[in-house]
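Here's the structure we're looking at; comments come further down.
Read the figures in this text as sums done on the coordinates, not as results from a lab. Being a predicted model, the structure only gives us computed values, none of them experimental. Cβ coordinates were reconstructed from backbone atoms using ideal geometry, including for glycine residues, and neighbour counts include every protein chain displayed.
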Amino acid sequence: MSTHPDPSNAAVDIGSSDGASADVTLAPSPQRILENTGTVPVAVAYGDGIGPEITEAVLRVLDEANAPLSYDVIEVGRAAYERGITSGIPEEAWDAIRSNRVFLKGPITTPQGGGYKSLNVTIRKALSLFANVRPTKSYAPYVASPHPGMDIVVVRENEEDLYAGIEHRQTQEVHQILKLITRPGSERIIRYAFEYARAYGRQKVTCMTKDNIQKQTDGLFHQVFREVAEGYPEIESEHQIIDIGAARVAAQPEQFDVIVTPNLYGDIISDITAQLAGSVGLAGSANVGSKIAMFEAVHGSAPDIAGMGVANPSGLLVAATQLLVHVGASEVAQTVKNAWLKTLEDGIHPADIYREGLSTREVGTTAFTNAVIERLGDTPSQLRPVQYKSGGVTVSLSERPKAKKELQGIDVFIDWDQHDRDPDTIGVGLSMAAQSCGWTLEMITNRGVKVYPDGLPETFWTDHWRCRFLPADGETTTFSAILDLLAVLHSAGWDVIKTEHLYSFDGERAYSLGQGQ
Ligand code: NAD
């Protein structure tokens with residue numbers, strides 16, 4: 001039986017051994033530890049709900065497979081939340097994760113309300129785990145799936161986008177969030193997706209954005225995708241607008257191979273793919289940074305079945321094979337994954353994937369784990385066995401010359417709720433104030449739509465007005481001219497709530513026009 005590289009596993013970027021900061025000294029990279037000592041220390045959190053049951057099951061399989069790992073068990077999640085630690089991560093757990101650099105995490109129950117923060121988001125961002133890698137695959141005909149040919153890896157940017165958490169209420173009616181997309185953040189995740197595709201024999205990388213609407217932010221992500229794709233001519237590349245792309249993923253997932261997206265779209269797409277594959281219980285995921293990586297199941301703590309002995313440990317087991325590849329123990333990863341595939345193929349199935357006619361035996365967590373252990377050394381005969389390469393995916397960023405940045409004007413956001421919100425009233429008032437200090441009011445928009453000059457009466461107006469001012473003479477302006485303008489607006493009684501500078505970079509406008517402008 002020939003074996004293939006299995007692209008469904010995340011091999012990950014191993015950073016340099018330096019980078020120690022604060023009071024914790026980071027250990028050498030996991031691969032180096034493995035080469036030098038034969039074992040790699042791993043921080044392990046058993047998690048909440050079904051977490052302890054499935055984590056115990058996974059550690060049993062790893063032990064029986066002689067995985068070269070030692071475990072540093074830490075307590076995060078419910079117990080920490082109950083001690084009043086709102087992040088869910090006590091100081092000693094941070095130290096253990098940062099010094100071990102590899103983290104196997106059981107699912108955590110996030111308490112509702114009470115100011116508690118999502119532990120996952122905190123860990124991803126604090127440790128700069130920039131890539132979320134979620135392979136999802138159909139195991140048909142052994143596990144029922146409407147899409148037997150599906151085999152997708154979603155590579156989701158993990159730190160930026162709307163997840164920067166920068167939100168403000170600005171007026172009685174308007175709240176805003178800041179969406180941040182950066183060039184290095186985009187390049188890092190897109191290169192990661194292509195390097196992953198190259199390392200694991202994937203044929204195609206699809207980028208999904210909404211750059212027909214979000215021209216600056218998603219436009220940058222798409223632009224970087226085009227640039228990076230040129231360096232991988234052997235891999236097919238394509239871009240799809242996220243709305244139709246998501247619809248196609250749901251209807252014809254077989255068409256996709258690797259998908260790379262900004263954070264929010266990837267969050268949604270990767271849940272769709274996990275669901276399509278048959279059961280959330282089967283998928284693992286890796287959160288990868290240049291120094292630290294965290295591995296976990298895609299599903300949550302499943303409180304409805306906690307303690308019943310029926311949970312499927314497969315998601316965390318698949319994540320553990322991703323971990324093994326990450327630390328350089330590819331052969332053990334292969335042994336474990338093949339034993340697991342053989343167990344599925346033999347029809348020995350936990351309740352979430354058990355189907356009369358497809359399965360041969362319905363088993364609980366322990367019996368399923370025993371079945372995997374009994375099959376260590378076996379390979380599946382129908383499902384494609386896996387063969388992992390050693391070595392991870394490494395990503396380096398390109399150098400770019402700095403563009404010439406020039407200040408061209410300013411958008412001033414004003415809270416105004418008078419005169420039936422008549423745009424001509426605010427327009428004329430602001431124009432007069434602007435003229436008195438060498439500025440011109442170019443336009444006003446309300447929720448992005450131009451309402452002055454020449455707005456339409458049908459447009460709905462809130463109390464939040466974006467007013468664009470340009471210097472009356474010349475193409476550029478200065479910060480002190482902006483301060484003069486703001487002082488004039490303030491003393492004329494306008495309620496300025498926020499400003500946004502208008503720049504050009506190398507002579508190119510770097511801000512959007514008003515809709516209808
Ligand atoms: P969930 O994934 O825990 O459960 C959804 C459904 O899938 C439930 O019916 C559950 O029984 C089933 N299920 C999940 N994993 C299973 C498994 N391994 N075997 C068999 N059945 C399984 O999602 P939820 O109920 O929305 O969330 C429960 C808790 O988990 C919440 O507190 C949520 O915040 C948390 N959560 C944590 C993570 C994480 O730690 N990465 C991820 C998602 C949700």
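See the values below:
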{"quantity": "Computed E for residue 422/residue 198 - FRET, C-beta separation, R0 56 angstrom, nearest 0.05", "calculated": "0.40"}
{"quantity": "Cα centre as origin, Lys/Arg/Asp/Glu Cβ charges: segment 166-298 dipole, Debye", "calculated": "280"}
{"quantity": "Relative contact order of the chain, pairs being alpha-carbon contacts under 8 Å that are 6 or more residues apart, as %", "calculated": "17"}
{"quantity": "Karplus (6.51, -1.76, 1.60) ³J(HN,Hα), θ = phi - 60°, over segment 455-470, in Hz, Gly and Pro reported as x", "calculated": "x, 9, x, 6, 5, 7, 10, 9, 8, 10, 10, 9, 10, 9, 10, 10"}
{"quantity": "Under Karplus coefficients 6.51, -1.76 and 1.60, residue-wise ³J(HN,Hα) of segment 420-435 in Hz, glycine/proline x", "calculated": "6, 6, 6, x, 5, 5, 5, x, 5, x, 5, 4, 5, 4, 5, 4"}
{"quantity": "Net charge contributed by nearby residues that have their C-beta within less than 10 Å of residue 242 (K/R +1, D/E -1)", "calculated": "-2"}
{"quantity": "Inter-label distance, nm, simple model (7 Å from Cα along the C-beta direction), residue 116/residue 517", "calculated": "4.5"}
{"quantity": "Simple label model, 7 Å out from Cα along Cβ direction - residue 503 to residue 236, nm", "calculated": "3.9"}
{"quantity": "Relative contact order of segment 405-509, defined on C-alpha pairs under 8 angstrom at six or more residues apart (%)", "calculated": "48"}
{"quantity": "Degrees separating the helix 365-374 axis from the principal Cα axis of the chain, which is the longest one", "calculated": "60"}
{"quantity": "Local net charge near residue 260, Cβ-Cβ under 9 Å (Lys/Arg +1, Asp/Glu -1)", "calculated": "0"}
{"quantity": "Cα lying deepest toward the dipole's positive end in segment 405-509, options 434, 418, 408, charges on Cβ", "calculated": "408"}
{"quantity": "Backbone HN-Hα couplings from phi across segment 68-77 [Karplus 6.51/-1.76/1.60, Hz, Gly and Pro as x]", "calculated": "x, 10, 10, 10, 10, 7, 10, 10, 10, x"}
{"quantity": "Residue 216 paired with residue 396, simple spin-label distance in nm, labels 7 Å along Cα-to-beta-carbon", "calculated": "3.3"}
{"quantity": "Net dipole in debye of the chain [+1 Lys, Arg Cβ; -1 Asp, Glu Cβ; about Cα centre; nearest 20]", "calculated": "880"}
{"quantity": "When segment 405-509 is reduced to its Cα atoms, the Kirkwood hydrodynamic radius in Å", "calculated": "13.9"}
{"quantity": "Gain in span if fully extended, residue 177 to residue 356, counting 0.36 nm per residue against the direct Cα distance", "calculated": "59.6 nm"}
{"quantity": "Extension reserve of the residue 510-residue 478 stretch, reckoned as 0.36 nm per residue once the Cα distance is removed", "calculated": "9.8 nm"}
{"quantity": "Order by protection proxy (mean Cβ within 10 Å, highest first), peptides 81-89, 229-237", "calculated": "81-89, 229-237"}
{"quantity": "Residue-averaged [θ]222 nm for the chain, counting only DSSP H segments that reach four residues, each worth -39500 (n - 2.57)", "calculated": "-10000 deg cm²/dmol"}
{"quantity": "Highest to lowest packing among 40-46, 375-381, 365-371, scored as the average C-beta count within 10 Å", "calculated": "40-46, 365-371, 375-381"}
{"quantity": "Residue exposure sequence - 151, 422 - by fewest surrounding Cβ within 10 Å", "calculated": "422, 151"}
{"quantity": "R0 of 30 Å, Cβ-Cβ distance residue 403-residue 254: FRET efficiency to nearest 0.05", "calculated": "0.10"}
